[in-house]
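Everything on this sheet refers to the single structure shown next.
The values are calculated or read from the model by the stated rules, or taken from the named source; none is laboratory data. None of these values were measured; they are calculated from a predicted model. Counting neighbours? That spans all protein chains shown, and the Cβs are built from the backbone with ideal geometry, glycine included. Surface accessibility is based on the protein's heavy atoms, side chains included, excluding ligands, DNA and RNA. Shrake-Rupley method; radii C 1.70, N 1.55, O 1.52, S 1.80 Å.
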Amino acid sequence: MKRVFSLTEKSLLGYPIHYAWQRNLGNYIAVTGVDHTVKIYDRHGQKKDEINLPGVCFALDWDKDGNALAMVADKSSSIYMWDPNTCKTSQLDSGMRDQMSFLLWSKAGSLLAVGTSKGSLLIYNLQTSRKVPVLGKHTKRVTCGCWSSQNLLALGSEDKMITVSNQEGDTIRQTSVRMDPSDIQFSVMKTDERASAGESTVSVVVGRKTLFLFNLNDPDNPIELAFQPRYGTIVSHKWYGDGYIMIGFSHGFFVVISTHMREIGQELFQAHNHKDSLTSIAISQSLGKAASCGDNVIKIHDLTELKEMYAIINLDDETKGLDTLSWTDDGQLLAVSTQRGSLNVFLTKLPVLGDTCGTKIAYLTSLLEVTVANNVDGELPITVSVEVEPNFVAVGQYHLAVGMNNRAWFYALTPNGVEKLMDMEYLGSVANMCLNSDYAAALFEGKVQLHVIENKDEDAQEERETRLFPASDDKCRILCHALTGDFLIYATNTGLIKFFYLEDWQYVNEYRHSVSIRKIFPDATGTTLVLIDEKTEGFVYCPLNDNLYEIPNFSPTIKGILWENWRMDRSVFVAYDDDKLYTYVFHKDTIQGSKVIFAGGTKLPFSHKPVLLHNGDLTCQTQSGKLNNINLSTHSFLGSTGDAGATELKQMLTQALMLRRFSDAWDLCKTLNDQLGWNELARACLHHMEVEFAIRVYRTIGNVGMVMSLEQIKGIEDHNLLAGHLAMFAGDFNLAQDLYLASGSPAAALEMRRDLQHWDSALQLAKRLAPDQIPFISKEYAMQLEFTGDYVNALAHYEKGITGDNKFQEHDETCLAGVARMSIRMGDIRRGVNQALKHPSRSLKKDCGAILESMKQLTEAAQLYEKGQYFDKAASVYIRCKNWAKVGELLPHVSSPKIHLQYAKAKEADGKYKEAVFAYENAKDWDNVIRISLDHLNNPEKAVSIVKETQSLEGAKMVARFFLRLGDYGSAIQFLVLSKCNDEAFQLAQQHNQMEIYADIIGSENTSNEDYQSIALYFEGEKKHFQAGKFFLLCGQYQRALQHFIKCPITEDNLAIEMAIETVGRAKDDLLTTQLIDFLMGEKDGMPKDAKYLFRLYMALKQYREAARTAIIIAREEQSAGNYRNAHDVLFSMYTELKAQKIKIPSEMATNLMILHSYILVKIHVKRGDHMKGARMLIRVANNISKFPSHIVPILTSTVIECHRAGLKNSAFSFAAMLMRPEYRNKIDIKYKKKIEAMVRRHDSTEIEEENTPCPFCSFQLPECELLCPGCKNNLPYCIATGRHMVKENWCVCAHCGFSALHSEFISLLETETTCPMCSEPLSANQLKRVEDCTEYLKQEQEE
């Protein structure tokens, strides 16, 4: 609370002092002390007048209008009157001889009551100057009194009597009290029903201890209320509200009671407001506040919520304590006198005056002080002291104006401070003023004066300095106005809004409303404004397109509008009344056009006046001259969202989208991380035509289709076309159509309806926009109608769709096909069938056939199927008609087994078995073919071949029965087994001694172990060891199987030994293995068996090392016998097996394989005529001639001949000399003997040098047929095509056996050969791939 002024005891001359505020206006306070003067001060503490009295002033009071101050003084029988308008004092003779002791003006009229020390009364009428003396009203001094609103006067006197008189002085009621009365008041007691309209209760404090309530309507039953002694004595009491009394007690207590009879005596509220003492209480009904003073503190409570302390004022310098409190009628000022004799006046309620320009606020902070603040831009507030108490304030970009009545003072707001510019008088009392950077516009008496604030340009045209609106010839009255940076805007009682453009100094726009306009509120640019008309309806007006938009849910109590000042969100505005704020958004660009949306409401705290809205933060002015900020509930998303739950976040998202705050909505969606939220944001972007932002959202949620669609349309400048596309994407197709039709591309509406298959709408649009499209739309529509079953309309539209133009032949054919189908559906079968038969489409015939078939028109259906070459369908329908002749004609074209089957059955019934068999064959019904072949056609060969081919169980049984009847048991057994009747077959075989046939048959079938065991036991009984062993092996009884195989007599093919090896291999049993090895070694019968069986045994047992040793022995034997190919194959198979099992290959095996392979290569090269390669391989073989004992001489002879042919004369001589040895000489073939002898006699030492190639390991150069590298001592891998050692750069491998070969040589070899020389598998040149990195092959070679 701000102290306005203080009057010290020096100026008032001591305690006690009395004072009274001017009623109604509160402009003056009259104060008197112990001296003989009454001083009059204005509300700012300036002394206006001083009245000298003959003695100390006993009483003073203002009349109800504040137009007269009455005073009475000691030692005088006169009444003194002071007129505040003329500041003159007049003296009125009371005509009373007694000393005046009491004085009080009426609440309701101009009546003054004056009481004397002897109990007399004078009633004086100020208007008529009539005096009514009433002598002896009381017997003693009149001490207190009160007027009622009905001009009844209650008086209290030291004679302990209370009288109630009328304005003529007649006593109406009187009552006595026990002690001295004081503080008398009129009011209305709280009752259930009002007994009388006026104030009927008098309340009096009696003896400062009790409260006496005297009801004029019930004078015999007064109420006297006593209070707790600890409260002290009653200081004062005040009535307020609906019959409530507030009482202050001397010990600092503050109590509220109700006067309702049911509540009387109950304390509704009690507070110990002051520690030591309470001296006064006061209530301001207009302010809704109650104050109490005591000690050196004033405490102010809110009447609506007494527990809330509104304010506390400490007067620390008042050590003697405070005295009395008094409020002005308007509640603006609170005066408190002190026991030291001083008076303090505090500002409790300021006129809420303020104005804004952008984010700058000018507001009244004291009666003579205006503060200019800009908290948004962080500027320091500027305080401006003004000369008069203003009743309007206006602020511009660089100026401040304050004014009162018809006068305004202008101040310049400069960086250096405040500079007073000028004061201006207007032609009437200013109702409102607006400023911009250059101009001021004042509204008075229905006119607006626009004038320059500072005339900086001396040469400026005089006419632009000031102008009065409206023009003199215009009879309208201006009711409201506004000034923006560019425009003066005003509205009149005739409903006209005019825009005056300051730059061009002329009107640029006007709008006529249906009724007069009370208030206008433009946004910062002046391009959008809110107007409130005399019906209290609100609208948004856009002068750019001259459109008016109604504001929804607009309260009739709205006091004003504030536009959002945050530059990113200028479309939001707030409407406010006394207790609520309504947030609205003007959606200017949406697919539905412009409209105003109600976003939500916010409670406005009591006595707050909104002045500025910035980014959802509302700045309000309070009665105490301060600014307070309120966050709008519609902008809650601008606060912290960290602690918000999912539901709150969704509400915030809805708010953000409603306010078009897409960036904030984006952040909320990221926090929420919910697909529904993203979809909502995307839809809102489409609605507000924010295409780029919508693309960003759809890209985030992965909606590729929408991103691509929006990318295609984002560059469209035609507003309606773009809006139409967006409405279509949003699913509002009717709106999209309207927008398309309003755009420059109305055909888009037709295209959309066609895409949506809204054919009715599409046809309507086509009539207007594209008549040539009607046939095509009709066809599409007909197809849809046909699908939904509306055949009548479908037929009509198909007929409409026929163009008759050859260019659209395919289209016409579709329509004609539709006509055919619909005609049949509608029952016009002849027309439909004829149309279908003429039509080239096969599928139409099928469709029409199906329709006819469903309608039971079988003959026509079959006819159409046949014509359409749907032979299966046609035959099926002919069968239903029993038209077998037609079925027979169609049968060669029919593929359906079902039809063939039906036909076959019909022919069989007719006894035509050959035709029936043919039809059954076509139907793949083999059992019936077999049955008729056996039963009717006596053709068992055909039945047997079918059973063998189809493996039919039922057919096999039939054939078996047939052979059984003929006595062919072997065939019967075979077919019984085939039909899975193994038990019957076994019994038949036993009965007719055909077990061997049964065994042969069953041995090749998937048969159970029990069946095999039965056969084995049978053969065991018959001493047929081989068969017994074979079937014991099949049923897994390996021990018994081996015993039988060993018992078998030895045959040429030794099949029993092979089976024994297989048995042991399967059994994996050491005991059986030992038994078989003993048998093979001849331990039992003294006859060792061929080593190859031992080798096979080891292979079957996967004992590869033993198998390898055995293989070397076998190969050696084969070699000795001259079977070199067999020896080669044994070693090769063993080599590959060991390699597969990753077992190291014995060097002897590898060497023997290499020598044998070299020998095999000789024949290949000699056959190809490559004598050099043949000679080199023969030299290698001849150097190991001991490994070929059977063919020493032939091999040496071949070596000599090939070396001679190849030009290796020295080598030929060496081997020829070897042949001349006595043991070989006589064995030389006669053909060659002389030639060889001649060679020995004539020694020719010439020899072609062998080429050198690098070692694949160390690159050492060595002869190409050398397989041991002298450089790195490695055995070198050899080429299977030439026998030479391998070279890194020319490496390949056989696709089958994996052996290495020189790539170029192998390809050359395969030109004449078709198999691999090593593994003998078929091979072609394109199967060979050159190996770029041969490291792994060299590694394998080293490991081996």
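A compact table of results
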{"quantity": "Qualifying residue in region 53-67 (condition: touching a Leu at 6+ places or on another chain (Cβ under 8 Å) and of a type in the set (Asp, Glu))", "calculated": "yes"}
{"quantity": "Test: residue in region 772-795 that is outside any helix (DSSP H, G or I) and closer than 29 Å to Gly832 by Cα", "calculated": "yes"}
{"quantity": "Residue in region 616-624 that is buried (at least 20 other Cβ atoms within 10 Å of the Cβ), in a loop (DSSP other than H, G, I, E, B) and of a type outside the set (D, E, K, R) present", "calculated": "yes"}
{"quantity": "When residues of region 523-541 are limited to those that are within 17 Å of Lys498 (Cα to Cα) and of a type outside the set (A, V, I, L, M), the one surrounded by the fewest Cβ atoms within 10 Å (Cβ to Cβ)", "calculated": "Thr525"}
{"quantity": "Members of region 317-356 that are polar (S, T, N, Q), closer than 22 Å to Gly252 by Cβ and not in a loop (DSSP other than H, G, I, E, B)", "calculated": "Thr324, Ser326, Ser337, Thr338, Asn344"}
{"quantity": "Residue list for region 358-416, filter: β-branched (Val, Ile, Thr), in contact (Cβ under 8 Å) with a residue 40 or more places away in the chain and either at positive phi or not in a strand (DSSP E or B) (or both)", "calculated": "Thr359, Val376"}
{"quantity": "Top-ranked residue in region 22-39 [being at pLDDT 90 or above and open to solvent by less than 20 Å² (accessible area, probe 1.4 Å); ranked as nearest to Lys64 (Cα to Cα)]", "calculated": "Gln22"}
{"quantity": "Scope region 696-719; condition surrounded by fewer than 20 Cβ atoms within 10 Å (Cβ to Cβ), hydrophobic (A, V, I, L, M, F, W, C) and within 22 Å of Met658 (Cα to Cα); matching residues", "calculated": "Ile701"}
{"quantity": "Lone unmet requirement of (1) surrounded by 13 or more Cβ atoms within 10 Å (Cβ to Cβ); (2) farther than 28 Å from Thr528 by Cα for Asn436", "calculated": "(2)"}
{"quantity": "Boolean, Ala1175 is within 27 Å of Ser1308 (Cβ to Cβ), touching a residue at least 40 places away in the same chain (Cβ under 8 Å), part of a helix (DSSP H, G or I) and among the small types (Gly, Ala, Ser)", "calculated": "no"}
{"quantity": "Total residues in region 146-181, condition open to solvent by 20 Å² or more (accessible area, probe 1.4 Å) and either part of a strand (DSSP E or B) or more than 21 Å from Asn221 (Cβ to Cβ) (or both)", "calculated": "17"}
{"quantity": "Count of residues meeting criterion [without any contact (Cβ under 8 Å) to a residue 24 or more places away in the chain, among the hydrophobic types (A, V, I, L, M, F, W, C) and either surrounded by 18 or more Cβ atoms within 10 Å (Cβ to Cβ) or touching a helix residue (DSSP H, G or I) at 6+ places or on another chain (Cβ under 6 Å) (or both)] in region 786-820", "calculated": "1"}
{"quantity": "The one condition in (1) among the small types (Gly, Ala, Ser); (2) open to solvent by 10 Å² or more (accessible area, probe 1.4 Å); (3) in contact with a strand residue (DSSP E or B) (Cβ under 7 Å, 6 or more places away or on another chain) that Gly55 fails to fulfil", "calculated": "(2)"}
{"quantity": "Residue in region 821-834 that is farthest from Gln773 (Cα to Cα), counting only those that are open to solvent by 70 Å² or more (accessible area, probe 1.4 Å) and in a loop (DSSP other than H, G, I, E, B)", "calculated": "Asp828"}
{"quantity": "In region 1305-1339, the residues that are out of contact with any strand residue (DSSP E or B) (no Cβ under 7 Å at 6 or more places or on another chain), open to solvent by 60 Å² or more (accessible area, probe 1.4 Å) and either among the hydroxyl-bearing types (Ser, Thr, Tyr) or touching a residue at least 24 places away in the same chain (Cβ under 8 Å) (or both)", "calculated": "Thr1312, Gln1327, Thr1335"}
{"quantity": "Enumeration of residues in region 1240-1272 that are touching a Phe, Trp or Tyr at 6+ places or on another chain (Cβ under 6 Å) and farther than 24 Å from Gln1340 by Cα", "calculated": "His1243"}
{"quantity": "Residues satisfying the stated conditions in region 605-626, i.e. of a type in the set (A, V, I, L, M, F, W, C) and either closer than 22 Å to Arg570 by Cβ or at pLDDT 90 or above (or both)", "calculated": "Val611, Leu612, Leu613, Leu618, Cys620"}
{"quantity": "Residue in region 1247-1254 that is surrounded by fewer than 19 Cβ atoms within 10 Å (Cβ to Cβ) and touching a Gly at 6+ places or on another chain (Cβ under 7 Å) present", "calculated": "yes"}
{"quantity": "Residue within region 1296-1317 that is touching a His at 6+ places or on another chain (Cβ under 8 Å), assigned to a loop (DSSP other than H, G, I, E, B) and within 22 Å of Ile1155 (Cα to Cα) present", "calculated": "yes"}
{"quantity": "Condition check for Val204: touching a Phe, Trp or Tyr at 6+ places or on another chain (Cβ under 8 Å) and open to solvent by less than 10 Å² (accessible area, probe 1.4 Å)", "calculated": "yes"}
{"quantity": "Enumerated helices (runs of 4 or more DSSP H) restricted to region 659-756, each holding at least 1 residues that are within 18 Å of Ile591 (Cβ to Cβ) and touching an Asp or Glu at 6+ places or on another chain (Cβ under 7 Å)", "calculated": "662-672, 691-700"}
{"quantity": "Residue in region 431-438 that is at pLDDT 90 or above, over 20 Å from Gly354 (Cα atoms) and not acidic (Asp, Glu) present", "calculated": "no"}
{"quantity": "Given (1) of a type in the set (Asp, Glu); (2) open to solvent by 20 Å² or more (accessible area, probe 1.4 Å); (3) over 30 Å from Val691 (Cα atoms), number of the condition Asp577 does not satisfy", "calculated": "(2)"}
{"quantity": "Residue in region 64-71 that is open to solvent by 10 Å² or more (accessible area, probe 1.4 Å), modelled with pLDDT of 90 or more, closer than 21 Å to Leu155 by Cα and part of a loop (DSSP other than H, G, I, E, B) present", "calculated": "yes"}
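Residues checked against (1) more than 23 Å from Asp302 (Cα to Cα); (2) among the charged types (D, E, K, R); (3) open to solvent by 30 Å² or more (accessible area, probe 1.4 Å):
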{"position": "Arg208", "(1), (2), (3)": "yes, yes, yes"}
{"position": "Asn221", "(1), (2), (3)": "yes, no, yes"}
{"position": "Gln228", "(1), (2), (3)": "yes, no, yes"}
{"position": "Thr233", "(1), (2), (3)": "yes, no, yes"}
{"position": "Gly241", "(1), (2), (3)": "no, no, yes"}
{"position": "Phe249", "(1), (2), (3)": "no, no, no"}
{"position": "Phe254", "(1), (2), (3)": "no, no, no"}
{"position": "Arg262", "(1), (2), (3)": "yes, yes, yes"}
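Per-residue answers, yes or no, for (1) open to solvent by less than 20 Å² (accessible area, probe 1.4 Å); (2) touching a Ser or Thr at 6+ places or on another chain (Cβ under 9 Å); (3) small (Gly, Ala, Ser):
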{"position": "Asp1129", "(1), (2), (3)": "no, yes, no"}
{"position": "Lys1144", "(1), (2), (3)": "no, no, no"}
{"position": "Met1154", "(1), (2), (3)": "no, no, no"}
{"position": "Gly1174", "(1), (2), (3)": "yes, yes, yes"}
{"position": "Ile1179", "(1), (2), (3)": "no, yes, no"}
